[in-house]
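J.: Here it is, the structure, as structure tokens.
The values are calculated or read from the model by the stated rules, or taken from the named source; none is laboratory data. Since the structure is predicted, the reported quantities are computational estimates derived from the model, not experimental observations. FYI the Cβ positions are ideal-geometry reconstructions off the backbone, even for glycines, and counts take in every protein chain you see.
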Amino acid sequence: MRFPAFIRVAALSGDPIIVFNHTSSRTSVSGIEGKLLETLANALNFRYEIVSPGDGQWGTVKADGNWSGIIGMVAKGEADMGLSYLAITEDRSKVVDFTSPYYVIDRAFVTDQPGLLPKYAVFLYPFKLRVWILATIAFVMFPLMLQMLISAKFYLTCCTSRLLRMATRKKSVEKSLISGTMLVSMTFFLFIYSSVLLSFLLVPLREPGVRNFHELSDAVLEGKFKTFVPKGSVEIQLLLESKTLPLRELGETIVINNWMYDSRKRSDPKAIIGNKAALMGPRLILQSKYGISPFTRKFISEDSIAQYSTALALKKNFSGKPQLDSAILRIVGGGLFQKFVDDRLFETRANILSGVSERSPGTTLALEDMYGIFLLLLLSYASSFVLLLGEILHKRYIYFRY
């Protein structure tokens, strides 16, 4: 069966997936799926017309049972094909057909990078609290054990014979072993500490922040964070139907507060990251906008709430589906679609790096980075002076008393 010479394609304009370029004669497309559409048009020799849903949504079920957005246009026959990084779901498959999948979509969230940790406590960062506690106990117990051995030797020397005093030399060996062990331990401890401390001084440390969806849900429920989702996307449905209680509570909070933004409007105030706000969306779109670690100024969650295959939506009984499936399989198998994705991610990384100064602030060790260490040094000097003064006063008290 011959592929149709002309088709109507429903899509939403949004970088980096597909961007409409309007001219006087026609509307051309660019972006990742824009290149896919152009490749399919050249391979199957068809012309297309771009149409957009008036509600600006991908497609969800409305209260009356009808579908909105791109899926609704394809289901009603207003368009032959729909694309805009559409996820294959069971509900959508009931009203439209899907081609062979060509990519995977997973839902993540993006936030600002967490704030920097305070520098006044930088000398405590090299080791965890448990290590500091064990080290403190060890350095306190070693001198006490050594003092006990010295006291025992003095008592035996004064109260026993020469034979017994010779026996106390074994105790001296034990004292030397303990002293040597303590000296070696302290040397290794200080060596490791000083080498690790330099790394903590040179590289700015950040607070843990919100790392996954469970932490995001806890932060939202505590009123510390806001989470916004695109209108007409499946994020809300995925959250509300989740088997995990924190995710369901997150979805309910988003619905109650109407934390939804229009993905077509770049100036939508709800689509701005900052002030303890997170944006949810497909990982590929988030990475294309904000970059991939370490070439990014934002944080994109490593986990996701769901993963779906993406494909083109077709109206039921579309005659050219076998040809489309074959062409898409060749494009995916040849790595062409992955090249479209990699080119876009590389462009994002280049734009981010072009705005970064050649001299990184993290490689310069300034005096303000070490004021915590100098403060600790001053406190140590003050403590030593107080102890010295106490010993002098105690000695004078003993002298005048006896």
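Matching residues to (1) modelled with pLDDT of 90 or more; (2) touching a strand residue (DSSP E or B) at 6+ places or on another chain (Cβ under 7 Å):
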{"site": "299", "(1), (2)": "no, yes"}
{"site": "312", "(1), (2)": "yes, yes"}
{"site": "320", "(1), (2)": "no, no"}
{"site": "324", "(1), (2)": "yes, no"}
{"site": "340", "(1), (2)": "yes, no"}
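J.: Related question: Kindly establish whether residue 104 is at pLDDT below 90 and either outside any loop (DSSP other than H, G, I, E, B) or among the acidic types (Asp, Glu) (or both).
T.: Working: at pLDDT below 90: no; either outside any loop (DSSP other than H, G, I, E, B) or among the acidic types (Asp, Glu) (or both): yes.
Taking the combined requirement at face value, the residue does not satisfy it.
J.: Still on this structure: Give the range 220-252 a look and list any residue that's farther than 14 Å from residue 279 by Cα, of a type in the set (S, T, N, Q) and not in a loop (DSSP other than H, G, I, E, B), or say none.
T.: 237
J.: Could you list, ordered by first residue, the pairs with Cβ atoms under 8 Å in which the first is in the range 114-129 and acidic (Asp, Glu) and the second is at pLDDT below 75, at least 6 apart or interchain?
T.: Going by the 8 Å Cβ cut-off, there are no qualifying pairs.
J.: So residue 93 ticks every box in (1) closer than 18 Å to residue 9 by Cβ; (2) out of contact with any Lys or Arg (no Cβ under 8 Å at 6 or more places or on another chain); (3) at pLDDT 90 or above but one. Which box is left unticked?
T.: Here residue 93 clears every test but (1).
J.: Among the numbered conditions (1) at pLDDT 65 or above; (2) of a type outside the set (A, V, I, L, M, F, W, C); (3) part of a helix (DSSP H, G or I), tell me where residue 157 comes up short.
T.: Residue 157 satisfies all of (1) at pLDDT 65 or above; (2) of a type outside the set (A, V, I, L, M, F, W, C); (3) part of a helix (DSSP H, G or I) except (1).
J.: Okay, moving on. For the range 284-324, which residues satisfy the criterion of being surrounded by 15 or more Cβ atoms within 10 Å (Cβ to Cβ), of a type in the set (D, E, K, R) and outside any strand (DSSP E or B)?
T.: Those that are surrounded by 15 or more Cβ atoms within 10 Å (Cβ to Cβ), of a type in the set (D, E, K, R) and outside any strand (DSSP E or B): 289, 315, 321.
J.: Of the conditions (1) at pLDDT below 75; (2) closer than 28 Å to residue 60 by Cα, residue 181 clears all except one; give me its number.
T.: (2)
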